[in-house]
Every structure is written in C-alpha cells, then in structure tokens.
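Note sheet for the following structure.
The values are calculated or read from the model by the stated rules, or taken from the named source; none is laboratory data. Computed from a predicted structure; not experimentally measured. Positions of Cβ are generated from backbone atoms using ideal geometry, with glycine treated the same way; all protein chains shown enter the neighbour counts.
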Amino acid sequence: MSKKLAIGIDIGGTLTKVGFVDRAGELYAHLDFKTRGYLRVDDYVSVLASKIQYLEKQLSFDFEIVGLGIGAPNANYYRGTIEHAANLDWKGVIPFASKVKTHFKVPIYITNDANAAAIGEVVYGNAKKMRDFIVITLGTGLGSGIFANGELIYGHDAMAGELGHISIDKEGRLDGLGIKGGLEAYVSSTGLKRTIFELLSDSILDSELRNYSFNNLHGEYITKAAENGDEIARAAFEMTGKILGEQLANFVAFSHPEAIFLLGGLAKSGKWIFEPAQKHLENNLLPHYKGKVKLLPSGMSDKNVAILGAAALVWNQHNH
C-alpha cells in the first residue's frame, strides 16, 4: 500500500519551507531555504523543484503525491498567481502555479499564507469544530485568514483578508505596500523591531537591545530581553499588543469570530504578546461581544505550522 502524501510549501519573506505531510498531519521530511536571491522567478521554481526531488529521496517507503499546496504572500487562489507581494523580490503578477506545474503533474493549490494557516487550523489544529474564527499570522508582515459560517472568505477576487494593510494612522509608518500607518508596520516581527528602535532613540534607558543592528535583531532576543526585565523590550511588547488588541476588537465587529488565533514569529513570544493583546482586545470590544472571543495560539505543532497549513489546502480539497 503506498502512503498518500501532500507536499506543503510555505513561501515566506525570508525562508521557504517545504515538507511532505500525511492526512493526519504527520511530517515525514522537510527542509527550508532562503527565498531571496533569485531575480527570476523561474530560477527560484527550479530550485524549489530540486529541493522537493531531494526530499523524495529521503523517504524510505512507497508513497503517492496527491497534490501540492502553496502558501505565499498575496497569492490568488482563483488564478494561481502571486500578485504585487510586498515582501518578495518578484514584482507584478506572477503566474506561479503554472510555473510549478511544468515540474509536477499533480493538482496544485495556492493561497495566501494566512488563508493556508486558517485551513490548517481546521484540518489539523484547534478550529476543527469552529465555524467562525480569524487567524492572524505575524511574520515579516501581518496576514489574516477569516472563516465565517464554516467557509474561508476569499472575496470577489480571492484577495479578501488584507487586514495587515488597513491604515491605523494616516501620518504613521509606511508598510510593505507603501500604506501610511499600515497595521503590519506596527504589528509583525518587523513592526516590533521598528518599535524597539523608536523606543531606543527616544530614551536613554540601558537596554541589552542597544547592542544589535536592525538586521541582526531577532525576535527571540527581544523575548529573552523582556524575560530579563529589559524595560525597552517590555514597553515594545506592550505597545505592539495594545495596537493588535485594539484592531482585533474592530475585526470582531465584522464577523464575530468564536476565536482569534495568533501564529508566526511574533506569536512565539508567548505571554509577552498574548497578555497585552488579550487585555486591549477585551477592553475595546463592544458590550455584546465582551467575554465571548477567545485569543488562542495555534493548535498545530509549533515548528511546522506553515508547512502543515500549506499541505492542508490539498487535504481540504480531497474532503469535498
């Protein structure tokens, strides 16, 4: 009996993650490689294909690939394209699925990374029984996947759920798409770093974070600093969580989710982001929503959420 597997591919602003996943969410072989450095998208796709072939050789049992699921920024599920992605090197509208099809003869599904994470939460995670929830991915940018009435909201042209680019301050920071005060410029791994540097320049407090350049400052260092009592790190988490909580309260008014899941690099800082976000969410909810919306971490295994979400696209199709 050959084992049915899906290939999950997560194309992040920094890393691309690839893995082979079965229906139960078991990951058999996986790797990651740098997303940047390929000026032509075709060169990137060739490397991606060779990485998949390399992984296939790692598997010591008979298997059948039932499909390939791809999570990518600004991916259009209906058209199989990546469109004007702020955090990738390739500009314009890229017919990504058809480029991948030249290498693989299986069904290919692509959607944005946050939609993939939302489907992953239904297939493998903590949303198995939920019909209404929102997933917020906090990585290089902020992505959102919205489930309502048991269906993912794709919208008229498959680009629904761009909550990272709503403007919260018309005089504010530029985000990846050039939006003034775009939410992701404040609430994302990158947004947290920008807040840290702002606080460092406005204050003369001692902070271990003064020893890092912008590009060398990683989220885990900020979390560690907060745990060590660093006031700048703690203030940055409080500010970030406040903005996140206030905006989540606005989003609740739209679809009244049962839960909001936080995933991605920034969510890995645990209580430092969850506690202020929870507090400010609750404080800003309309009276009839108070106490009715849970803020939760993902139910998918921590390391490989992105791969599982992408692979879930395939299983989700096979369920219908």
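For the reader, a short list of remarks on this structure follows.
- Residue satisfying condition, being closer than 21 Å to Met300 by Cβ and more than 19 Å from the chain's Cα centre (by Cα), within set Gly143, Gly139, Gly67, Gly161: Gly67
- Breaking point among (1) in contact with a helix residue (DSSP H, G or I) (Cβ under 8 Å, 6 or more places away or on another chain); (2) surrounded by 18 or more Cβ atoms within 10 Å (Cβ to Cβ), for Glu246: (2)
- Filtering region 19-44 to residues that are among the β-branched types (Val, Ile, Thr) and closer than 19 Å to Gly125 by Cα leaves only Val21.
- Test for Phe61: is it in the same structural domain as Asp113 (by TED's automatic domain parsing) and in a strand (DSSP E or B): no
- Count of region 83-111 residues which are of a type in the set (A, V, I, L, M), closer than 18 Å to Glu162 by Cβ and surrounded by fewer than 18 Cβ atoms within 10 Å (Cβ to Cβ): 1
- Pick from region 23-43, criterion part of a helix (DSSP H, G or I) and in contact (Cβ under 8 Å) with a residue 24 or more places away in the chain, ranking: surrounded by the most Cβ atoms within 10 Å (Cβ to Cβ): Val41
- Candidate set: region 204-220, residues that are of a type in the set (S, T, N, Q) and either touching a helix residue (DSSP H, G or I) at 6+ places or on another chain (Cβ under 7 Å) or assigned to a helix (DSSP H, G or I) (or both); chosen: the one surrounded by the most Cβ atoms within 10 Å (Cβ to Cβ): Ser207
- Of everything in region 83-118 that is within 12 Å of the chain's Cα centre (by Cα) and assigned to a helix (DSSP H, G or I), the residue that is farthest from Val305 (Cα to Cα) is Asn115.
- Among (1) closer than 19 Å to Glu83 by Cβ; (2) crowded, with 20+ Cβ neighbours inside 10 Å, the one test that Asp157 misses: (2)
- Identity of the residue in region 229-240, of a type outside the set (Asp, Glu) and more than 16 Å from Gly181 (Cα to Cα), that ends up farthest from the chain's Cα centre (by Cα): Gly229
- Taken over region 136-153, the criterion of being in a loop (DSSP other than H, G, I, E, B) and over 14 Å from Ala117 (Cα atoms) is satisfied by Thr140, Gly141, Asn149, Gly150.
- Residue match in region 269-291 (condition: under 24 Å from Gly120 (Cα atoms), outside any helix (DSSP H, G or I) and not β-branched (Val, Ile, Thr)): yes
- The lone exception for Tyr212 - which of (1) over 24 Å from Lys17 (Cβ atoms); (2) aromatic (Phe, Trp, Tyr); (3) touching a residue at least 24 places away in the same chain (Cβ under 8 Å) it fails: (3)
- Qualifying residue in region 178-199 (condition: surrounded by 15 or more Cβ atoms within 10 Å (Cβ to Cβ) and more than 23 Å from Arg234 (Cα to Cα)): yes
- Test: residue in region 233-242 that is at pLDDT below 95 and either outside any helix (DSSP H, G or I) or in contact with an Asp or Glu (Cβ under 8 Å, 6 or more places away or on another chain) (or both): no
- Region 78-124, residues that are touching a residue at least 12 places away in the same chain (Cβ under 8 Å) and charged (D, E, K, R): Arg79, Glu83, Asp89, Lys99, Asp113, Glu121
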